[in-house]
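A.B. asks: Below are the structure tokens for one structure; questions will follow.
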Amino acid sequence: MQKITITAPTLNEAIDEVKKRFGEDVVIERTEEINNQIRITVALFEGEEPILVPSLRNTEKNSIDNPLSAIRLVEEICHDHYLGDDFKDYWLKCLSPYLTLTGINIAESLAECLNFEGQWIRKILNLKPVVFLGSHGVGKTQILAKTAALLKACDRSVEIYNFDTLKSSGQGMLQSYAQKLGVPYYFGQDAWKILQESIKVQNETVKLIDTQGVDLKNPKDLGWLVSYGQKFVFDPVLIVPCDGCLSLTADYGHFIKKFGVRHIILSKMDLAGSLSLPLRLAWTTEIPIAMVNNSASLSMNLQYLNASKLLSSMTGTQITGAETDMTAELGMKY
Ligand SMILES: Nc1nc2c(ncn2[C@@H]2O[C@H](COP(=O)(O)OP(=O)(O)OP(=O)(O)O)[C@@H](O)[C@H]2O)c(=O)[nH]1
Ligand SMILES: [Mg+2]
């Protein structure tokens, strides 16, 4: 076996050079950063010895031991999910220190690109009403209901405030759900008054606020949040549909800034072919992904997401409730 090193200003250029000189099926033994240059060490085998670079499609493994396969997988995922060249380059840069022959954990490099807040439900504060925001029909009401159920299962006291006075069907569903959970439910103008009193008292109760769907380009119906936001502190979470259009990323980004969104919750991951909108949004805004809603059914829990689960989902293996999944532990029997 012969070892050759190739040096280039960036990882991509170094890899291109390796591919150009030695073809696709070559074993990269190591990558290092030396004097702001990337140095790749390539192992060349003599004779007919085949070099196998396994395809990672549909694999459940996050850990692989071939640097070139790891790079290919990242390139494939970015291509398939329309994540863009800038995201791909960033991810490859994060991956580069992990490219050794001792097992490459791609999920760790992905975790450096995106923030995840799996403990979001546990960290919700009583003093900051959580406002569920988002476009029309993205899953706000359903996610609020699931959040309420999970908080109840953690023995937290919860109140639901419905400010969506436009949608009578949403009102009916949320009200009946609150009844089943034994959670106080307030609607419309009454909800306003009671919420203000409840905030003043500073009790142990978590307050969840449902809102009507808004046009993200022109969220005029949320003027109340801006004016009340000067008096009270809210915790705005944005529901981002995984099947949403990538071209909306900038509108979502402006909305996040305007309303001080602290977390995003992904919805409809079960329906999405590509995850371009939520992932590019999470990457560009650095807002943590708190939870995922994965079903049209109220009886299916929210799940937390981490890099490893996301990677499984993006390579074709559906996300399943891992043993450490808080929501699976709690179970939602309502
Ligand atoms: N498949 C799937 N369906 C979902 C998911 N989340 C919500 N839904 C469905 O999407 C529809 C809309 O959900 P809602 O919770 O009413 O959405 P919303 O954002 O409150 O809608 P508006 O109040 O009208 O703006 C319902 O039929 C839900 O069952 C999800 O993660 N996956
Ligand atoms: Mg709703």
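A.B. asks: Restricting the first residue to region 243-262 and requiring it to be farther than 20 Å from Asn293 by Cα, which pairs with a second residue that is modelled with pLDDT under 95 and surrounded by fewer than 16 Cβ atoms within 10 Å (Cβ to Cβ) meet a Cβ separation below 7 Å and a spacing of at least six or different chains?
C.D. replies: That search, which allows pairs on different chains as well, returns Asp251/Lys217.
A.B. asks: Output the residue which, of all residues in region 195-245 that are within 26 Å of Ala272 (Cβ to Cβ) and among the small types (Gly, Ala, Ser), is nearest to ligand 1 (Cβ to nearest atom).
C.D. replies: For region 195-245, the residue satisfying everything is Gly213.
A.B. asks: Okay, next question. Pick from region 182-194 the residues that are away from ligand 1 (no atom under 16 Å from the Cβ) and buried (at least 19 other Cβ atoms within 10 Å of the Cβ): which of them is farthest from Leu166 (Cα to Cα)?
C.D. replies: Within region 182-194, the match that is farthest from Leu166 (Cα to Cα) is Val183.
A.B. asks: Please go through region 74-132 and pick out each residue that is of a type in the set (Gly, Ala, Ser) and within 30 Å of Val206 (Cβ to Cβ).
C.D. replies: Once the filter is applied, which keeps residues that are of a type in the set (Gly, Ala, Ser) and within 30 Å of Val206 (Cβ to Cβ), region 74-132 yields Ala111, Gly118.
A.B. asks: In the list Glu75, Glu33, Glu46, which residue meets the criterion of being modelled with pLDDT of 80 or more and either in contact with a strand residue (DSSP E or B) (Cβ under 9 Å, 6 or more places away or on another chain) or within 30 Å of Cys245 (Cα to Cα) (or both)?
C.D. replies: Glu75
Residues are listed down the side, and each one gets a yes or a no for (1) within 14 Å of ligand 1 (Cβ to nearest atom); (2) touching a strand residue (DSSP E or B) at 6+ places or on another chain (Cβ under 6 Å):
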| site | (1), (2) |
| --- | --- |
| Tyr252 | no, no |
| Asp270 | yes, no |
| Ser274 | no, no |
| Thr284 | no, no |
| Met291 | yes, yes |
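A.B. asks: Related question: Tell me, please, whether a residue that is modelled with pLDDT under 90, among the basic types (Lys, Arg) and within 14 Å of ligand 2 (Cβ to nearest atom) can be found in region 176-191.
C.D. replies: no
A.B. asks: Follow-up question, since we're still on this one. Picking from Gly182, Gly223, which residue would you name as being free of Cβ contacts under 8 Å to residues at least 12 places away in the same chain and more than 26 Å from the chain's Cα centre (by Cα)?
C.D. replies: Gly223
A.B. asks: With the condition kept exactly as written, say whether any residue in region 135-153 is more than 22 Å from Ser297 (Cβ to Cβ) and within 16 Å of ligand 1 (Cβ to nearest atom).
C.D. replies: no
A.B. asks: Please go through (1) modelled with pLDDT of 80 or more; (2) within 16 Å of ligand 1 (Cβ to nearest atom); (3) crowded, with 19+ Cβ neighbours inside 10 Å; (4) under 30 Å from the mean Cα position of the chain (by Cα) for Gly170 and return the number of the only condition it doesn't satisfy.
C.D. replies: (1)
A.B. asks: Identify all residues within region 230-275 that are modelled with pLDDT of 95 or more and in contact with a His (Cβ under 6 Å, 6 or more places away or on another chain); write none if there are none.
C.D. replies: Of everything in region 230-275, just one residue is modelled with pLDDT of 95 or more and in contact with a His (Cβ under 6 Å, 6 or more places away or on another chain), namely Val237.
The values are calculated or read from the model by the stated rules, or taken from the named source; none is laboratory data. Keep in mind that this is a model prediction, so the values were computed, not measured. So basically every Cβ, Gly included, is an ideal-geometry build from the backbone, and we count neighbours across all protein chains shown.
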